[in-house]
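Below is one structure; the comments refer to it alone.
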Amino acid sequence: MRNPLSFLRLQLSSPWRWLMPAMLVLFFLAILLWLPWQARQMESNERQEQLIADTLWVEQTIRFQLARNEESLHLLGDEISSERLSGAMLQERLSQMLKNGRELQRVVRVDARGRVVASSDPARHPPPFSAPSAAAAEAARKSGNPQYSQPAAQADDQGVARGAILMDYHVPLFRRDRYIGSLVATYQVSALLDDMVPWWFAQDNQITLADGDDVLLARRAAGGPGHGVYTHKRALELPGASLTLVTDSIRSEPRLLPNLLVGSVILLSFGLLWSLVALWRHISRRLAAEDALRQQMLFRTAMENSLVTGLRARDLEGRVTYVNPAFCQIVGYAPEELLGKLPPMPYWAPEVMAEYQQRFAGVLAGTVTPQVETIFQRADGTRVPILIFEAPLVDSDGKQTGWMGSILDISDRKRVEELNHQQQEKLQSGARLATMGEIASMLAHELNQPLAAIASYTTGALNVLGRAAGAKQPVDVAMLKPALEQASAQAQRAGEIIRSVHEFVKKREPERQDVSVQALIDGIRALMELQARAFYVVVQTSIPPGLPPVRADRVMIEQVLLNLTRNAIEAMQENVPERRILRLVAQFDAAQAQVAISVIDQGHGVAQEVAERLFSPFFSTKAEGMGMGLNICRTAIEFHGGTLNYSANPGGGTRFTFALPAAPPKLS
């Protein structure tokens, strides 16, 4: 059974469900009735304000033109008072005044007795001044200030007022404080409206000029009479005269009925229909956009979760705003442990903290390096080498909001590089041992001579000692000393050969240092000359003085030189003895900051089919060669940041040239 209290509450609440829509409908109807009336009032006020503004503009135009004429008359009066203007010149100036504006009917010069002595129109005798004009002339004479006369009808020759309404402007003239007459400019009042009121204003309004008693003086109604709905009066207070400018618009009051029934209903109906259509289209587009955005977000999330590249976003203050799962896996931290963090970061390794701080300062300054290689420290303390790519993060307005970084774990690449480096070292060591194997017989012959000499000298010394002991005579030191010195010299010679071979073949880590080209050649001179003597080759070196040292690993470059010179010597085996010349030339390229070393022979040269595979691994033109010599040479030179090239020697043979970076000059 239904609860009576709930049933009562439902019945009481039912009227309120209908009251709110009814109130909204009544409110809409009230607005519908009020809006046209308000629009009519606003339109009336706008028209009235526009009429007032235009009337003020017309008033200022009339005042401006009158002020221009007043200034011209004052200047003309000053010239007359100072006796600089009279006669024909005065007559010409008065005539010129009429050309300034059509509102001026005439300009005359009268003397102290009121007689006309000069006129802008000398052919016509000016009619007598009206009574208001005579009163204005007297007031100007007494006060010494220009005066306007009250507008009055023009008088005929008998003094009867008829014709156009005129207004005179009297400018008194004084010479040494003595009144000598005045200048009188006569305005036609109707011309003030005809010439100074714009045509567009006269088309929409009736303009009239009246005196202080509201007597009509002039009227202009190009668009017809005014309706008396929108009117405005402005007083033209002139010295001695009082005029009123009256404007009356030809527009009627806005009609209320069409605005109410037609305009409002049609506009509101179309507006409502357009709103419904626009709302439906907006909702459809919004739903489609939300669905597309949802799909894009799902796709982006799936793509980011499948990436092995770590992604990290930071704002302009360095705060972490986004990380993907790959980045968290690289550093070993959960996203909640990284988001919102400011430097120093938990994955920064202590040993490179200064590098991180310097790089972070560059990020804040906007000068971050786009690519950098460093290390991160995982949560368990292990170090992981990484490669970072940084790019600006901009919003839809093109304004930078932070930085987006891509982080690659390069542990595998580092291991491969280390393994490759070790293999390269083993290969180079094997190549050096192979080189020593090839010259082993020559090395044995070269060592046999100093060893035989040492044995001979020591045997001679022992014989001398034996004879002296048998004869019981003192040992002749002068006889033993040369033999022992020669034995010592031969021992040093043999030691240098053994030491050179040992330094060349021993296994060691590459170590770059500043070394001169002369020292590089001297380091392998014994081995190089050993091969040269075996094939009767003359070695010539050309090293200019002041040649800067190179920044290189000495043993690696010596191996390159030894390989190139050995190939050059073997290439000249078929030459006649006088053409077996090996040249070593060094030059400095200041533009590239490199030292170029050339090994030049006069051998058989390089054939075209051989040139295409000259630096390929395991390619050799020798039956017993491994095909790794030139490949190892090129790898060693490229390791130093240089290049190894070859070209034909103009005199026959081949020219191998490699360039090494010059060592920077040391500051004194």
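The values are calculated or read from the model by the stated rules, or taken from the named source; none is laboratory data. Note that this is a predicted model, so its numbers are computed, not measured. A quick note on method: Cβ atoms are made from the backbone with ideal geometry, for glycine too, and the neighbour counts reach across all protein chains shown. Side chains included, ligands, DNA and RNA excluded: accessible areas come from the protein's heavy atoms. Shrake-Rupley method; radii C 1.70, N 1.55, O 1.52, S 1.80 Å.
Considering only protein heavy atoms and a probe of 1.4 Å, how much of the accessible area of region 525-603 is carbon and sulfur, as a whole percent?
It is 49 percent, rounded to a whole number.
How much accessible surface area, in Å² rounded to 10, belongs to the heavy atoms of Phe27 with a 1.4 Å probe?
Accessible area of Phe27: about 130 Å².
What is the set of long-range amide H partners of Gln594 at a cut-off below 5 Å, with H atoms built 1.01 Å from backbone N?
Sorted by chain and number, the residues that satisfy this are Asp589, Ala662.
As a test of reading the structure, rank Lys233, Lys414 by solvent-accessible area (1.4 Å probe, protein chains only), most first. Mind dumping the intermediate values first?
Numbers: Lys233 125, Lys414 75 Å².
Result of the area sort, largest leading: Lys233, Lys414.
Ordered by residue, what ³J(HN,Hα) values in Hz, to whole numbers, does region 389-401 give under the Karplus form 6.51 cos²θ - 1.76 cosθ + 1.60, where θ = phi - 60° and Gly and Pro are x?
The phi angles translate into 10, 10, 8, x, 9, 10, 8, 5, 8, x, 8, 6, 10 Hz.
Please arrange His232, His282 by accessible surface area, largest first, computed with a 1.4 Å probe and ligands excluded.
His282, His232
Within 10 Å, count the other beta carbons around each residue, average over each peptide in 287-293, 140-146, 402-408, and list them highest first.
Sorting 287-293, 140-146, 402-408 by mean packing, highest first, produces 402-408, 140-146, 287-293.
Straight-line reach only, C-alpha to C-alpha below 17 angstrom: list the aspartates and glutamates that Lys399 could link to, leaving out same-chain residues fewer than 8 apart.
Asp315, Glu317, Glu390
Using a 1.4 Å probe and counting only protein heavy atoms, arrange Val606, Val538 so the residue with the most accessible area comes first. Don't jump to the answer; show the numbers that get you there.
Working: Val606 55, Val538 80 Å².
Solvent-accessible surface, decreasing: Val538, Val606.
Please list, ordered by chain and number, the residues whose modelled amide H lies under 5 Å from the amide H of Tyr187; skip anything fewer than 5 residues away on the same chain.
Gln105, Met167, Asp168, Tyr169
Going by average Cβ neighbours within 10 Å, how do the peptides 181-188, 215-222 rank, with the highest at the top?
181-188, 215-222
With every protein chain present, what is the per residue accessible area of region 38-168 (1.4 Å probe, Å²)?
Values: 7440 Å² over 131 residues.
Per residue, region 38-168 has an accessible area of 57 Å².
Of the heavy-atom accessible surface of region 78-237 (probe 1.4 angstrom), what whole percent is carbon and sulfur?
Taking all protein chains in place, region 78-237 shows 47 percent carbon and sulfur surface.
Ordered by residue, what ³J(HN,Hα) values in Hz, to whole numbers, does region 542-559 give under the Karplus form 6.51 cos²θ - 1.76 cosθ + 1.60, where θ = phi - 60° and Gly and Pro are x?
Residue by residue, region 542-559 yields 9, 10, x, x, x, 5, x, x, 10, 9, 7, 7, 4, 5, 5, 5, 4, 5 Hz.
Could you work out the equivalent-ellipsoid semi-axes for region 85-201, taking the square root of 5 times each eigenvalue of the Cα gyration tensor, largest first, in whole Å? Let's see the in-between values first.
Details: eigenvalues 107, 59, 44 Å².
In descending order the semi-axes read 23, 17, 15 Å.
Please give the charge dipole size of region 309-421, origin at the Cα centre, charges +1 on K and R Cβ atoms and -1 on D and E Cβ atoms. Round to the nearest 20 debye.
My answer is approximately 40 debye.
Please compute the per residue accessible area over region 177-216 with all protein chains in place, 1.4 Å probe, rounded to a whole number of Å².
41
Show me the ranking of peptides 102-109, 82-89, 316-323 by mean Cβ neighbours inside 10 Å, starting with the highest.
102-109, 316-323, 82-89
Taking amide H positions as placed 1.01 Å from N in the peptide plane, with prolines and chain starts having none, which residues 5 or more places from Ser242, or on another chain, fall under 5 Å of its amide H?
The answer is Gly212.
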